[in-house]
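Only one structure is covered here, and it is reproduced in the block below.
The values are calculated or read from the model by the stated rules, or taken from the named source; none is laboratory data. It should be emphasised that the depicted structure is a prediction, and the values quoted were computed from it without experimental measurement. Using ideal geometry, Cβ is built from the backbone for each residue, glycine included, and neighbour counts are taken over all protein chains shown.
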Amino acid sequence: MEKDERFKQAQFGAVVGIVGNIVLAAVKAIIGYIGNSKALLADAVHSASDVVGSLAVLFGIRAAKQPPDEDHPYGHGKAESISAIIVAVLLAIVGIEISLSSIKAFTHEIEPPKWITLIAVILSIVVKEAMFRYKYKLGKRIKSDAIIANAYEHRSDVFSSLAALVGIGAAIIGDKLGMEWFVYADPIAGLFVSLLVIKMAWDIGNEAIHTTLDHVLHEEDIAPMREAVMMVDGVKKIGSLYAREHGHYVIVDIKVSVDPYITVEEGHRIGKHVKEVLMQQENVENVFVHINPYSPDE
């Protein structure tokens with residue numbers, strides 16, 4: 001996929017998330033306030049945080065699109081992973097805020113939520129699941145950590161809305177049946193939502209940090225690269241081959257051994273051919289080749 005096309009698809013996906021979350025957050029906040037539901041208000045805050053997360057993703061995608069420069073010779077691909085870390089931090093903060101708000105609800109008498117809140121929750125579940133499926137497929141297709149992290153934000157909203165649905169439903173039914181303690185099912189659902197959000201934040205952040213810390217592809221992933229290089233005429237041996245994930249693309253560092261008695265020009269030609277072969281591999285953005293003299297005793 002060409003870079004411009006990848007950028008357009010990623011940017012469109014981020015904009016979809018921003019618009020969708022703004023609408024859902026507004027609807028849930030208004031109905032949650034009118035309908036007196038702690039769980040729905042917590043869910044609204046969750047959706048509002050997704051707006052900030054989607055904005056972080058959008059800025060990260062734009063930064064990652066920038067070409068290499070003097071200060072960043074390896075490009076700006078890690079900007080997407082940094083965006084994913086920002087999303088994780090925002091989710092963690094929101095999760096803590098939701099849990100504190102839900103716990104406070106147990107300290108005073110509360111009113112049961114109204115039936116209208118169920119409509120907002122069901123709408124949120126349908127819309128958020130659709131957004132998750134769209135974003136997840138897009139993120140996998142264009143290999144974007146930030147888009148995938150944003151997709152899981154939507155999935156966490158689905159789980160939180162399901163918890164809110166159970167809590168709100170139990171509180172309403174309990175009120176109708178005269179079981180007053182059931183009214184606390186609503187803040188309990190809000191507390192459950194907060195735990196889901198915090199776990200999601202941990203998973204997203206852990207994966208993004210793993211990628212940011214110069215993670216290299218495993219041996220089974222670089223096997224096709226090794227095979228391709230060994231087919232290059234003049235390559236006697238591969239000393240080392242590291243394929244570092246740099247956001248949505250890969251930077252390869254390789255040491256190859258050649259006949260020690262050939263000319264410098266011939267060695268340069270072999271190294272150039274090695275680079276050309278590796279640049280044809282999927283997602284490889286750049287290759288740095290080091291030429292060593294071959295020795296059978298190595």
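Data overview
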| read-out | value |
| --- | --- |
| Close pairs from the stretch 189-201: first not assigned by TED's automatic domain parsing to the domain that holds residue 40, partner surrounded by fewer than 22 Cβ atoms within 10 Å (Cβ to Cβ), Cβ under 9 Å, at least 6 apart | none |
| Candidates 190, 167 - the one that is at pLDDT 75 or above, among the small types (Gly, Ala, Ser) and touching a helix residue (DSSP H, G or I) at 6+ places or on another chain (Cβ under 8 Å) | 167 |
| Residue 222 hydrophobic (A, V, I, L, M, F, W, C), at pLDDT 80 or above and not in a helix (DSSP H, G or I) | no |
| Residues of the stretch 99-112 that turn out to be surrounded by 18 or more Cβ atoms within 10 Å (Cβ to Cβ) and at pLDDT below 75, as a count | 3 |
| Filter pass, residue 4 being over 16 Å from the mean Cα position of the chain (by Cα), at pLDDT below 70, outside any loop (DSSP other than H, G, I, E, B) and of a type outside the set (Lys, Arg) | yes |
| Unique residue being small (Gly, Ala, Ser), within 35 Å of the chain's Cα centre (by Cα) and crowded, with 17+ Cβ neighbours inside 10 Å when the list is 271, 239, 205 | 205 |
| Single residue of 167, 178 found to be touching a residue at least 12 places away in the same chain (Cβ under 8 Å) and assigned by TED's automatic domain parsing to the domain that holds residue 45 | 167 |
